[in-house]
Amino acid sequence: MDYMEGFRCFTWSKSHFPEPHRMVQELKEDGFKTVVIIDPGIKIDHDYWVYQEGIKNDYFCRRADGPLYKGTVWPGLCHFPDYTREEVRTWWAGLFKGLIQETGVKGVWNDMNEPAVFEIGTFPNDVRHHYDGDPGSHRKAHNIYGMQMARATYEGVKNFSYPDRPFTITRSGYAGVQRFASGWTGDNIASWDHLWLANIQCQRLSISGMSFIGSDIGGFIKSPDGELYIRWLQLGIFHPFCRTHSSGDHGDQEPWSFGEPYTALARKFIELRYQLLPYMYSTFWQYTTQGTPMLRPLAFVDQTDPDCYHRMAEFCLGDNLLVCPITQPGVDGRILYLPQGNWYNFWTGLMEAGKREVWADAPLDKVPMFIKAGAVVPFYPVQQYVGELAAPQVALHVYYNQGTCVSELYEDGGEGYGYTEGNFLHKVFRTEGSLTLFTLTQERKGDGQDGYRYYAIFIHGLQTHTAKIIVDEQEVTWENVAATNLIFVSVPNDFTLLQVIPSPIV
């Protein structure tokens, strides 16, 4: 909020940010996408244009006996728009033209929209709301106020971002808010208890329909030490909304703020998130088209296994990736439960049978992380920001299993609405394994174009030595990367059938 002129929403500080358009464009050239914060509190200031419009059109909330409600937030005394009125939402949406269309801001972060005020925490119960023609008190409207603000913000950002897609964040919401915004779990504390809580909250929000969720990595209030920060980052990189955020009152809290070895560890896990982006994007596509949560507690993964019902720490991101964060200080591993099937330890490459507890080594440079056997997991090369590599080649990490497994990779422009006209690629990979043959097939749907010509394929866990690999009836060269159970082969992006032929048993 420090970018504003005296905390007045939709303004820029003339002294601190005299050329906002130039600043935002220069940040864009360096790979940064600017997101600004907006609150519902409109400062009572007769020279402030947003206040003037709200007063002129009677857009602000009133008390039961008639006067406009006044509450104190960061600007001082404020009035608050009644977002439960359609005409107020339309007005609010139009206010974003300057920030989005003219200045070039890429997204908006709605804060304090529970709504929050300093006097008593939120509005008094007698504050009245239009409620889209079914008037009521704040007792009725409180839970939907923040969602209606997010809705109005979304409409404004969407209108003025076109032809790009909108990006919004909200601190408050209600059932259905996932249509309008991403979110985070609010003002947490830099403690191990709140790291544990962040894991549970995000899982439960995800299965409640709000998958685009995360927490303030490291804690908003107080300061973490290096160990707590890294362990929190190891959880946060698997959350769809991934952000370090703090109040700023307790010292720096950037990935490089804690010195070595923590800076190198932070870099390692941030880079891992960038590598996993095609997998996460595909999981996001599944969520938006099929309604499947991105973060899945074990009880969701296997509802037939009673041992999954009471496990809270473990969760799956999408179909094929299982994570169990470390939420205690000074430990170098933990016991976790693997659901049915076989699972590969991401760090060691060793396969573990499911439906049982296992021990996972996890010194500070590792987080317990397992890949479902049979899965195909796409990886990007490391990049410093999304879009740095115009067409990053995709590596496919393929995990051997006996039996059949289906995985998906969804790709589109990442921005814009071309996908609505067929400009996307939906790739379905099927693995099938036995002791005598392992196959990988690809089915491609959509009219999009690959930005790369080849897949770099890594096949993990083969049970026998490989004699040859055949791709679409042509034998190809391959490499043994590290051991007999990990091989590498480069194949055309439009291949349909890859066969791994094992060596004869002597």
Which condition number does SER161 fail, the rest of (1) more than 28 Å from ALA299 (Cα to Cα); (2) touching an Asp or Glu at 6+ places or on another chain (Cβ under 6 Å); (3) polar (S, T, N, Q) being met?
(2)
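Would you pick out the residues in the range 448-464 that are in contact (Cβ under 8 Å) with a residue 40 or more places away in the chain and either at positive phi or under 27 Å from the mean Cα position of the chain (by Cα) (or both)?
Step one: list which residues in the range 448-464 are in contact (Cβ under 8 Å) with a residue 40 or more places away in the chain, which gives 450-464.
Of everything in the range 448-464, those that are in contact (Cβ under 8 Å) with a residue 40 or more places away in the chain and either at positive phi or under 27 Å from the mean Cα position of the chain (by Cα) (or both) turn out to be ASP450, GLY451, TYR452, TYR455, ALA456, ILE457, PHE458, GLY461.
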Looking at the range 323-335 only, could you name the residues that are in contact with a helix residue (DSSP H, G or I) (Cβ under 8 Å, 6 or more places away or on another chain) and buried (at least 21 other Cβ atoms within 10 Å of the Cβ)?
VAL323, PRO325, ILE326, THR327
In the range 434-467, how many residues are assigned to a strand (DSSP E or B) and not β-branched (Val, Ile, Thr)?
12
If the requirement is being touching a His at 6+ places or on another chain (Cβ under 7 Å), on the phi > 0 side of the Ramachandran plot and not hydrophobic (A, V, I, L, M, F, W, C), which of these qualifies: GLY176, GLY248, GLY219, GLY209?
GLY219
List the residue pairs whose Cβ atoms are under 6 Å apart, where the first residue sits in the range 466-484 and is assigned by TED's automatic domain parsing to the domain that holds TYR454, the second is assigned to a loop (DSSP other than H, G, I, E, B) and at pLDDT below 95, and the two are 6 or more positions apart or on different chains.
ALA467/SER503; THR484/HIS465
One residue from GLN328, GLN303 being assigned to a loop (DSSP other than H, G, I, E, B) and without any contact (Cβ under 8 Å) to a residue 24 or more places away in the chain
GLN303
Total residues in the range 46-83, condition within 14 Å of HIS129 (Cβ to Cβ) and of a type in the set (A, V, I, L, M, F, W, C)
5
Quick one: in the range 245-271, of everything that is among the aliphatic types (A, V, I, L, M) and more than 18 Å from SER215 (Cβ to Cβ), which residue is surrounded by the fewest Cβ atoms within 10 Å (Cβ to Cβ)?
ALA264
I'm trying to understand the selection: among the residues of the range 124-178, which are among the aromatic types (Phe, Trp, Tyr), closer than 22 Å to GLY209 by Cβ and part of a loop (DSSP other than H, G, I, E, B)?
PHE167, TYR174
All but one of (1) touching a His at 6+ places or on another chain (Cβ under 8 Å); (2) surrounded by fewer than 19 Cβ atoms within 10 Å (Cβ to Cβ); (3) part of a helix (DSSP H, G or I) hold for GLN25; which doesn't?
(1)
Just the residues that are assigned to a helix (DSSP H, G or I) and under 14 Å from ASN320 (Cα atoms), please, taken from the range 278-298.
PRO278, TYR279, MET280, TYR281, SER282, THR283, PHE284, GLN286, LEU298
For ASP111, state whether it is acidic (Asp, Glu), crowded, with 16+ Cβ neighbours inside 10 Å, more than 30 Å from GLY330 (Cα to Cα) and touching a helix residue (DSSP H, G or I) at 6+ places or on another chain (Cβ under 7 Å).
no
Which numbered condition in (1) assigned to a loop (DSSP other than H, G, I, E, B); (2) of a type outside the set (S, T, N, Q); (3) over 24 Å from ALA456 (Cβ atoms) is the only one that VAL358 fails?
(1)
Just for the range 68-93: of the residues that are hydroxyl-bearing (Ser, Thr, Tyr) and buried (at least 20 other Cβ atoms within 10 Å of the Cβ), which one is nearest to ASP126 (Cα to Cα)?
TYR69
Restricting to the range 425-447, and then to whatever is within 25 Å of the chain's Cα centre (by Cα) and of a type in the set (A, V, I, L, M), can you tell me which residue is surrounded by the most Cβ atoms within 10 Å (Cβ to Cβ)?
LEU425
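Being free of Cβ contacts under 8 Å to residues at least 60 places away in the same chain, assigned to a loop (DSSP other than H, G, I, E, B) and out of contact with any Leu (no Cβ under 9 Å at 6 or more places or on another chain) is the filter; apply it to the range 218-241 and report the residue that is surrounded by the most Cβ atoms within 10 Å (Cβ to Cβ). Walk me through how you get there before you give the answer.
Applying the first criterion (free of Cβ contacts under 8 Å to residues at least 60 places away in the same chain) to the range 218-241 yields 218-226, 229, 232-233, 236-237, 239-240.
Still in the list and also assigned to a loop (DSSP other than H, G, I, E, B): 218-220, 222-225, 237, 239-240.
Imposing the further condition that a residue be out of contact with any Leu (no Cβ under 9 Å at 6 or more places or on another chain) reduces the set to 220, 222-223, 225.
On the way: PHE220: 22, LYS222: 17, SER223: 18, ASP225: 12.
Looking at the filtered set, the residue picked out is PHE220.
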If I filter the range 206-217 for residues that are over 15 Å from ARG296 (Cβ atoms) and in a loop (DSSP other than H, G, I, E, B), do I get at least one hit?
yes
Say whether the condition of being in a strand (DSSP E or B) and surrounded by 21 or more Cβ atoms within 10 Å (Cβ to Cβ) is met by at least one residue in the range 184-195.
yes
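Restricting to the range 361-381, name every residue that is assigned to a strand (DSSP E or B), under 20 Å from LEU233 (Cα atoms) and among the β-branched types (Val, Ile, Thr). If you could, list the steps in order and put the result at the bottom.
Narrowing the range 361-381 to residues assigned to a strand (DSSP E or B): 361, 369-372, 376-379.
Those still in the list that are under 20 Å from LEU233 (Cα atoms) too: 361, 369-371, 379.
Once the filter is applied, which keeps residues that are assigned to a strand (DSSP E or B), under 20 Å from LEU233 (Cα atoms) and among the β-branched types (Val, Ile, Thr), the range 361-381 yields only ILE371.
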Quick one: in the range 385-424, of everything that is in a strand (DSSP E or B) and among the polar types (S, T, N, Q), which residue is nearest to LYS28 (Cα to Cα)?
SER407
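The values are calculated or read from the model by the stated rules, or taken from the named source; none is laboratory data. From a predicted model like this one, the values you see are computed outputs, not experimental measurements. Neighbour counts are summed over all protein chains in view; Cβ atoms, including those assigned to glycine, are modelled from backbone coordinates with ideal geometry.
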